[in-house]
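The values are calculated or read from the model by the stated rules, or taken from the named source; none is laboratory data. Please read all numbers here as calculations on a predicted model, not as lab measurements. Here the Cβ positions follow ideal geometry from the backbone for every residue, glycine too, while neighbour counts run over all protein chains shown.
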Amino acid sequence: MQTVRQQTLPADYAAICTIIEGNTAYPFPGLGNTFPQTPGTVPNSSFRQIKALDLRREIALEVARLNHHATKLTAALKSLAQINEALASRALEEAATGIATHKQAHGLSLVLLKKELLLAVERHGLAGLARAYKRLTEGHQDTAWALLCHFVYDVMDPSFHPYVAASAWLRVSAERLDLSQWYARVLEDEILTRSETDVELSSALLRFSGLSLLDLAILLWRKRTVNPRDMRLESGFGQLDTLIKDVLIEKFSRLHVGIPNAYKFSGKSSPDIEVYRTSFFFDDIASVAAWRCQINRLIFPSKSNILNLEHDEVALRLDEAARVIATAPQQCQKTVEDLRMWEMGFLHPGSDLSDQKFLTAAVIAKSLEKMAQGAGADPVSVAHLLASVEDGHLYTSMETLKGLLNTEFARRSSLLCFVLLEMIYRRARDQDNELERRLAFMKMFSGKLGAKVTELLDTIIVTSVDTAILIAKTCSRTFLERLYLMMTSVKDVLEARLSICRWMISHENDPDDSLHEECDALERELANLDARSDLDSTRVHVDEDALREWFNATQLANATRYSQTVLAEGPAAHFGTLLSFYSSREKKTDEEEDLSADTQISSEFLLVSIVDATLKAFASDRTFGLDAYLSRRIRHGTLSGHVMTPVTRVLNRLSEVRDLREQDREPDDLSGINLLVQEWRKFLVNELDNVRRDVIQINTVEHPRGLIRANWRTAANIAHVDATIGRVRSRVVETGGAYDIFPDIHSLCWDCLESDLAQLRLFMVREFLPRALQRLDELRQKLSPRERFLAFELLKELHATLEARVHEICGWFIRPVFRRDRYSLKVLIMSTLSIVRELDERYRFTEAVTMDDDISLNRGSFIAFGDALFVLIGNAARHGKPDGQITVSASPVEGHNGLVLLSVTSEVSKVEQHREGVSRIQSALMAREEQAIDRAAVEEGFSGLRKLAGLVQCVPSPDVKLALSASEKDLGITFWLTLPAEMTFGAALS
Amino acid sequence: VNVLLVEDDEFKAADIAKVLSDSLPDADVQRAMSVTSALRAMTNDTYSVVILDMSLPTFELTGPGGGGSPQGQGGLEVLRLARRLGNRSPFVIVTQYPDIDLDGRDVPLLAASKALHKFGVDVKKCILYEFDGDSWRAQLRECLSELRGIRSRGKP
């Protein structure tokens, strides 16, 4: 085929068509696709390796093909025109009949696909669109046809911003143009309308010819429209068969259409972004294609080369509007209003728009280019203008924003610099951009200590409400905490955030309910500042607020779309499990490109893509993600310090044994002890370094031994995802779409991390600890009998110290479900049971937990309950029946507000064990002297009963009770512990 | 000679202070124990040298509410902001770990000085601190004597 295309002379194109086109002897329908009947052949993969000719020859060849099929093609075009007219006049039944008849007579095409999906969304909204998608792709799910359907579906989805959808698909296209041009070029051209180079144009002709003759004819028509001075296109069009030319000119030059009802508020008006969306459905009409090309020049500036605007009246007008706004921002509204007639040019007369936000943002984007070239007037007015536009950052290129930022004009206003840097950060949320916007923010206050953000807000709101709200919304807690030059303590941050929340509540038209909740939480935190411990430093942690902020900025639109899709699908929609989907995907052996993930549209896959993105941020975000936390809090400091400090203390005492003996008159040779101390210490330091460097890491190419995979695509985690899909779906349905999905996604991230954390705990207990103790034993074996005797007690202590520290480190790798100052008791109990079970392979106990899900604790209470549970469950496991049951229950104490009664019951095997256990417990709990408790805390580690006794004494509440009940008859032992759910204590406990 | 010692660990700070008093007996040594206090000091003064730890809290741990939420490496924040604050002080990094996490990659200390130039700051050396070793002391002394040499040559 490639040879025929290259070798045939243009004069022979018509002749070659008579041989090849529609010849059933060939395995392809012609030199391109003709009137395909099978969905999987649009585009036809047989042509995917074909390369485009130079533009003149490609045009000539494709025109010859069109002419060869002129009669049938003309009929197809006429049929398409009738469908357009029916859709434009909302004669939906007629359109449906027309589409069915067209498909039968003229086959499938991309242009018809758009009409069919438009009809579906017009008749039955998003639900109809989803059903139509499924029907159209059935049996062809993983093909380029399904991918094109998905693309059209995304742009049409009423709950999805059409520009965001188009941009996302443009990125897909850009990534795949090299290897998969056969469909990627189609995507690109459908979005951009115009080809910037001859190569692109020639390639577009070839690829549309791989779709269908109807698509090819429409493409040629569209290209001629948007490139009116390209004589090659004009000449090609002129050589078309008169039948084709006439129908195109007559039926596809101009058509007034309405914005489909699916995109209107209450069936009346719609925002002007819907004009842009509507243009996509009807870009086979020349006037619509021309409009789309003009608007694309504004909203895809990086895809539009500098054009000669001399003869382009609309382009000149838009350019002038941008210039006016650049020099007089206050005239923005009027200037955009003046463009209303043009904006609504292809709509039915009498159509109504509820706003012009889209065009405003698009023209402002253009005017920023002019300002960057020196056309700006008043920088503060520009700042206010930009703050008033929600999506300005979407349509402005990074080069323009950075260029403007570097101008003298922008430097004159710290406010404008901040707003520009905020836009830059919204486009690319990286650390450098985050730092720059923070610096700009501090500059607005000249970095003054104690500067009040709300004072600035009160000043700015006089001139611009939008700017004040933008600044207030930027000031999240995470952001404030890093204003190093303005904040001096956590207290400053909390107070500033509280005042900003209150300010937003009183100034926003419809303040979010979560602001009230946040105020309450901040007030509680401020009241308990003294009780804040450095708990975060020793327990894996991801800042939920920062993750929520990231989620709101990057995933909220997807979450809204997800909810709307769920509602459209309805409660009866059945999905099954992702496991079957992913397992069948992995089994695929086809050498062709795997498009299965690109061709899924149901709500489950929308949720999965949100989960995927959130889990990545949760694990790896450089600012708030788990890896950043591990890096700073565990890998760089705490891990080594926590183990080596107490171990070194014991080792020093061991060295002292040797030193003391060396002062004897007849000193023993105790050099072996010295060697043991040095060797083992070196060994342990090295092992810890390996753990830190290789094991407590996110698993990547750089860290192949990293135990944190943070991957939802494992069989166990897919079960979690399935469960979340089911739960969230039903809640979204129950609440009519108002359900906030973030808490579920956040919780799922921890679910997906559970097995990784378990691996870390197991590694520490079953690999690191045995290796370290084995090495210690090897070195002990080398000691002389005398040295062994002298070192016996300290070696035992060394053993116990290391074991206790490793167990405590395991306690770091527990899921910390809490929100700032609220912790879930149930999760704490479940985690403790889980970690205790992992401590010894012999523990095979079963567990039963009975309690309310909603008992939550504050930080102080969490520490107390955490320690108590480790002691009680640890003892139950150690001394109880190995395969017995441990029952934990918790409930609020009636009549005592805020008190929680916890009980832990275990069983032993024999009466003798029962008696011995009760006696041991009673003796341990008798400890009253402070020194004995302190000693116990060190000697017993975290599972000592005396430590529990001491803890109960330290809790500053008269209601605290610890009681024991033992039944010899059923060999059970139960501890009853009453503690407040809210408590504050100082240094005594720690 | 004025020196800013940015270190939150008392033991390590005392160890470094000993080397400073030996090498630069007349130096005016200021101490900062958090990112915030380090940056505040650097906003006001340029130092002959800033000795910087990598692992730092946001705020002073003793302040109301503690050291703040976990963040990326505090020392890197100081370096990132130093140039932006117009501070031209040279830095010597003294850390307990043999590598620095830079843009998700562990950069060995030997290569870190060069890599840290991306922040537009003059990092003279990155030294591995070992509380039971001596080689870091020698390296720090060498660094300080070079700085002293530069300063004395620069005097009229």
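Structure data summary
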| item | result |
| --- | --- |
| The lone exception for A:Gln431 - which of (1) under 31 Å from the mean Cα position of the chain (by Cα); (2) surrounded by 17 or more Cβ atoms within 10 Å (Cβ to Cβ) it fails | (2) |
| Scan of the range B:41-55 for residues that are within 9 Å of another protein chain (Cβ to nearest Cβ) and either in contact with a Ser or Thr (Cβ under 6 Å, 6 or more places away or on another chain) or surrounded by 18 or more Cβ atoms within 10 Å (Cβ to Cβ) (or both), ordered by number | B:Met54, B:Ser55 |
| Subset tally (residues that are at the interface with chain A (Cβ under 9 Å from one of its Cβ atoms) and closer than 26 Å to B:Lys18 by Cα) for the range B:59-72 | 3 |
| One residue from A:Arg692, A:Arg761, A:Arg771, A:Arg705 being closer than 22 Å to A:Ser831 by Cβ and of a type in the set (Lys, Arg) | A:Arg761 |
| Residue match in the range A:844-864 (condition: without any contact (Cβ under 8 Å) to a residue 40 or more places away in the chain, under 38 Å from the mean Cα position of the chain (by Cα) and in a helix (DSSP H, G or I)) | no |
| Filtered residues of the range A:251-273 (kept if part of a loop (DSSP other than H, G, I, E, B) and over 22 Å from A:Leu359 (Cβ atoms)) | A:Phe252, A:Ser253 |
| Lone unmet requirement of (1) touching a strand residue (DSSP E or B) at 6+ places or on another chain (Cβ under 9 Å); (2) crowded, with 22+ Cβ neighbours inside 10 Å for A:Phe870 | (1) |
| Criterion (among the hydrophobic types (A, V, I, L, M, F, W, C) and more than 37 Å from the chain's Cα centre (by Cα)) met by exactly one of A:Leu240, A:Leu201 | A:Leu240 |
| Every residue from the range A:636-653 that is surrounded by fewer than 23 Cβ atoms within 10 Å (Cβ to Cβ) and facing chain B (nearest Cβ under 8 Å) | A:Gly637, A:Ser640 |
| Cross-chain or 6+ apart pairs with Cβ under 9 Å, the range B:82-103 first and more than 21 Å from B:Arg137 (Cβ to Cβ) and in contact (Cβ under 8 Å) with a residue 60 or more places away in the chain, then in a loop (DSSP other than H, G, I, E, B) and aromatic (Phe, Trp, Tyr) | B:Ser89/B:Tyr47 |
| Residue within the range A:56-74 that is under 19 Å from A:Trp182 (Cα atoms), at pLDDT below 95 and assigned to a helix (DSSP H, G or I) present | no |
| Matching entry among A:Asp241, A:Asp189, A:Asp154 (being in contact (Cβ under 8 Å) with a residue 12 or more places away in the chain, within 25 Å of A:Arg48 (Cβ to Cβ), surrounded by fewer than 24 Cβ atoms within 10 Å (Cβ to Cβ) and in contact with a Leu (Cβ under 8 Å, 6 or more places away or on another chain)) | A:Asp189 |
| Condition met for A:Val111 (crowded, with 20+ Cβ neighbours inside 10 Å and within 24 Å of A:Gly236 (Cα to Cα)) | yes |
| Condition broken by A:Phe985, with the remaining ones in (1) part of a strand (DSSP E or B); (2) at pLDDT below 75; (3) among the hydrophobic types (A, V, I, L, M, F, W, C) satisfied | (1) |
| Subset of the range B:18-75 [in contact with a strand residue (DSSP E or B) (Cβ under 6 Å, 6 or more places away or on another chain), touching a residue at least 60 places away in the same chain (Cβ under 8 Å) and in a loop (DSSP other than H, G, I, E, B)] | B:Ser48 |
| Residue list for the range A:450-501, filter: of a type in the set (Lys, Arg) and within 29 Å of the chain's Cα centre (by Cα) | A:Lys473, A:Arg477, A:Arg482, A:Arg497 |
| Top-ranked residue of the range B:76-93 - restricted to ones that are more than 11 Å from the chain's Cα centre (by Cα) and part of a loop (DSSP other than H, G, I, E, B), ranked as nearest to the other protein chains (Cβ to nearest Cβ) | B:Leu85 |
| Residue ID - nearest to the other protein chains (Cβ to nearest Cβ), chosen from residues in the range A:493-525 that are outside any helix (DSSP H, G or I) and of a type in the set (D, E, K, R) | A:Asp512 |
| Test for A:Leu439: is it part of a loop (DSSP other than H, G, I, E, B) and either surrounded by 18 or more Cβ atoms within 10 Å (Cβ to Cβ) or away from chain B (no Cβ under 14 Å) (or both) | no |
| Sole residue being more than 7 Å from every other protein chain (Cβ to nearest Cβ) and either surrounded by fewer than 19 Cβ atoms within 10 Å (Cβ to Cβ) or in contact with a Lys or Arg (Cβ under 9 Å, 6 or more places away or on another chain) (or both), chosen from B:Asp26, B:Asp101 | B:Asp26 |
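Per-residue answers, yes or no, for (1) within 14 Å of chain B (Cβ to nearest Cβ); (2) at positive phi; (3) of a type outside the set (Asp, Glu); (4) in a helix (DSSP H, G or I):
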position: A:Ala451; (1), (2), (3), (4): yes, no, yes, no
position: A:Thr454; (1), (2), (3), (4): no, no, yes, yes
position: A:Val462; (1), (2), (3), (4): no, no, yes, yes
position: A:Asp466; (1), (2), (3), (4): no, no, no, yes
position: A:Ile469; (1), (2), (3), (4): no, no, yes, yes
position: A:Lys473; (1), (2), (3), (4): no, no, yes, yes
position: A:Thr478; (1), (2), (3), (4): yes, no, yes, yes
position: A:Met486; (1), (2), (3), (4): yes, no, yes, no
position: A:Lys491; (1), (2), (3), (4): yes, no, yes, yes
